[in-house]
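The values are calculated or read from the model by the stated rules, or taken from the named source; none is laboratory data. Quantities reported herein were computed from a predicted structural model and do not represent experimental measurements. Here the Cβ positions follow ideal geometry from the backbone for every residue, glycine too, while neighbour counts run over all protein chains shown. Surface accessibility is based on the protein's heavy atoms, side chains included, excluding ligands, DNA and RNA. Shrake-Rupley method; radii C 1.70, N 1.55, O 1.52, S 1.80 Å.
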Amino acid sequence: MEESDPALVDRVLNGDRDAFQMLAERHSRSVFQLGYRMTGNQEDAEDIVQETFLRAFRHLKRYESRSSFSTWLYRIAANYSLDLMRSRRRFVDCERRDDGAGWLADVASSDPSAHQLAYSGQIRDNIEKAMNELTVVERTAFVLRHYQNFSIEQIGAALGVGENAAKHSIFRAVRKLRRALEPLVTAV
Amino acid sequence: MKPDSASAGSHLTQDQIAEYLYGDAAPELAAHVAACPECGEECDAVYRTLQLLRNWEAPELAPGYESAVWQKLAASLPQQRRAFRFRRPNAVWTAAAALAAMIVVAISLQFAGSRVQEPPADTAQASDAGQRILSVAVTDHIERTMAVLSPLVNAEPQHPARFTDVSVEQNTVEDLLAENRLYRQTAVQDKDRNTAALLDEIGQVLVELEHSPAKLSGPQAHDLQQRLADSSLLSKMKGFVSSNPSPGENGARVIKL
């Protein structure tokens, strides 16, 4: 039977590094997935995986087993992603378009045939562009709610804001995504 | 697509629809969606958007990814454990220490005063004094936050291709945010809902600003200005300051953090 996360954490705290290897191997894919959705970039996601586990190892004593280990890890990953996105200024890029029309016009004017718009590289590209239109906080709140099933309270704690603020960040994100992806959703 | 605000008459707003789809809504909203074809249709559209996003996955990882992660990680762990670096004192603790010191001073003053002039001090008086001091500290915090936000709100509209440098404001925002969390938490504990709500709103803007690029593009700056204008946040802040004037303004002692 697979050893539980809290049991492995106890072993690590007693000096067993192999137990930390098991934790890292168990959760690295899901942390990568979170990192990718937060940044939209594979290299950044890999960086987030490394840094998340390093921080988790350093601060393992702070983990309280009443919350799940994966939630604790995701919170570390989300915080690091926020720092990373801020330092890389990635979100400026989507504002630098000077073609006037923007990607949305391309989607809207393309042939709306359902076959052509099957889930594809183009759709992925459009989703990533829509995600890049969100502010860092909106994106973090949305990713944690939509993909990681964080509660509003947990998102507020991760972002350092109250529940209302967390909720409104998610709402703003949903509104923007709905607006940005509307041509795609209508066409599919 | 439905309007964002509640002005949509009896139909659900976009926020309510999102709340409903995430299962956080009150039962009345579900009943409304079931009964109203228009809202049902809009819910379907938002649901399809969210489903489209649900399918958005990271690129597939190669087999053995987990081992590769561990190889790299294992090489870093011992160094990380030995690593030591000096950090400046955390702003939260600085503010907490200052606030605690202020409250102790306030209670001591209250107690000392009551020994000379009045019968033994009662805890309600001490609590009032603590409350007043908190109010002074929050007013001071809000004034300093206004000093950061006002120039952004009042800035001339920028050409979309130009950038507004907010790096100076961001240096201050980190400390303001740390203080803001502390005061909000204290207000919540004191059941001072109005102050907590205002600090919550301020916190949201400060977090946005902290995590913004150092140079805001024209549309980003405009978005921030618009949100500040829509929420009337600065007016609310001014309202708080005018209803909780700094003690220095009526001749009393000023205590600064």
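Kindly state, to the nearest 0.05, the FRET efficiency for A:SER70 paired with B:GLN51, given R0 = 35 Å and r defined as their beta-carbon distance. Step by step, r from the Cβ atoms, then E = 0.90. Compactness of the range A:1-88 is given as radius of gyration and Dmax, 12.9, 43 Å, from Cα positions.
Simple spin-label estimate for B:ASN194 and A:ARG58 gives 4.3 nm between the two label positions (7 Å along the Cα-to-Cβ direction from each Cα). Pairing chain A with chain B buries about 6000 Å² of accessible area. This figure sums both sides and uses a 1.4 Å probe.
Here the Karplus relation 6.51 cos²θ - 1.76 cosθ + 1.60, evaluated at θ = phi - 60°, turns the backbone of the range B:228-240 into coupling constants of 5, 5, 4, 7, 6, 4, 5, 5, 5, 5, 4, x, 5 Hz, with x for every Gly and Pro.
Sequence-distant contacts, meaning Cα pairs under 8 Å at least 6 residues apart, place the relative contact order of the range A:1-88 at 29 percent. Give me the percent of the accessible area of the range A:1-88 that comes from carbon and sulfur atoms, probe 1.4 Å, all protein chains in place. About 41 percent, which is the carbon plus sulfur part of the accessible surface. Efficiency by 1/(1 + (r/R0)^6): what FRET value for B:SER235 and B:HIS11, r their Cβ-Cβ distance, R0 = 35 Å, to the nearest 0.05? For B:SER235 and B:HIS11, the calculated efficiency is 0.75. Separation of the alpha carbons by more than 30 angstrom is noted, of A:LYS61/B:LYS72; A:LYS61/B:LYS236; A:LYS61/B:LYS191; A:LYS129/B:LYS236; A:LYS167/B:LYS72; A:LYS61/A:LYS129, for A:LYS61/B:LYS236; A:LYS61/B:LYS191; A:LYS129/B:LYS236; A:LYS167/B:LYS72; A:LYS61/A:LYS129.
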